[in-house]
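Let me give you the structure first, and then I'll get to my questions.
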Amino acid sequence: MEAIGMVEMRGLVPAIEALDAMTKAANVRLIDLKVVGSGLVCVIITGDVSAVKAAVDIGKTVHTRTGGELIAENVIPRPHPELEKML
């Protein structure tokens, strides 16, 4: 795993739309789509660092077309191997 990207937003439909755009825009793979609660959904992707950064940037902007609200986003380059167990 070279990088992990996370985009958290309010709403399942905006999260799915963001995930679709992220995977089309860059060579990334979905690790998980976590439903956090209270309408919050976190999309977690992996790939090389530049692809994950590009995908997260796309995901931050695309979800607004369906009324989603961006809560948080983060890219972790070269994550520690123990982090993989959590995901």
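The values are calculated or read from the model by the stated rules, or taken from the named source; none is laboratory data. What you see is a predicted model; the values in this text were computed from it and never measured. Cβ sites come from the backbone with ideal geometry, for glycine too, and all protein chains shown count toward neighbours.
Collect the residues in the range 12-42 that are touching a strand residue (DSSP E or B) at 6+ places or on another chain (Cβ under 7 Å), within 15 Å of residue 63 (Cβ to Cβ) and of a type in the set (Gly, Ala, Ser), keeping them in residue-number order.
Hits for the range 12-42 are 15, 18, 39.
Moving to a separate point now. Does residue 19 satisfy being of a type in the set (A, V, I, L, M, F, W, C) and farther than 17 Å from residue 75 by Cβ?
no
Against the condition more than 13 Å from residue 68 (Cβ to Cβ) and under 9 Å from the mean Cα position of the chain (by Cα), how does residue 19 come out, does it pass?
Criteria not met by residue 19.
From 46, 61, 66, grab the single residue that is hydroxyl-bearing (Ser, Thr, Tyr) and under 11 Å from residue 7 (Cα atoms).
One residue alone meets the criteria, 61.
Now a separate question. What pairs come out if I take residues in the range 48-67 that are in contact (Cβ under 8 Å) with a residue 40 or more places away in the chain and pair them with residues that are surrounded by fewer than 19 Cβ atoms within 10 Å (Cβ to Cβ) and in a helix (DSSP H, G or I) whose C-beta lies under 6 Å away, six or more apart or interchain?
Hits for this filter: 55/25; 58/21; 58/25; 62/21; 66/13.
Since residue 71 meets every condition but one in (1) crowded, with 18+ Cβ neighbours inside 10 Å; (2) under 12 Å from residue 10 (Cα atoms); (3) not hydroxyl-bearing (Ser, Thr, Tyr), which condition does it not meet?
(1)
Still on this structure: Select from the range 53-87 the residues that are part of a helix (DSSP H, G or I) and of a type in the set (Gly, Ala, Ser) and list them in ascending order.
Hits for the range 53-87 are 54, 55, 59.
Give the residues of the range 64-82 that are touching a strand residue (DSSP E or B) at 6+ places or on another chain (Cβ under 9 Å) and of a type in the set (Val, Ile, Thr), sorted by residue number.
If the condition is that a residue be touching a strand residue (DSSP E or B) at 6+ places or on another chain (Cβ under 9 Å) and of a type in the set (Val, Ile, Thr), then 64, 71, 75, 76 are the ones that fit.
Kindly provide the set of residues from the range 53-68 that are at pLDDT below 95, among the small types (Gly, Ala, Ser) and crowded, with 16+ Cβ neighbours inside 10 Å, ordered by number.
The answer is 59, 68.
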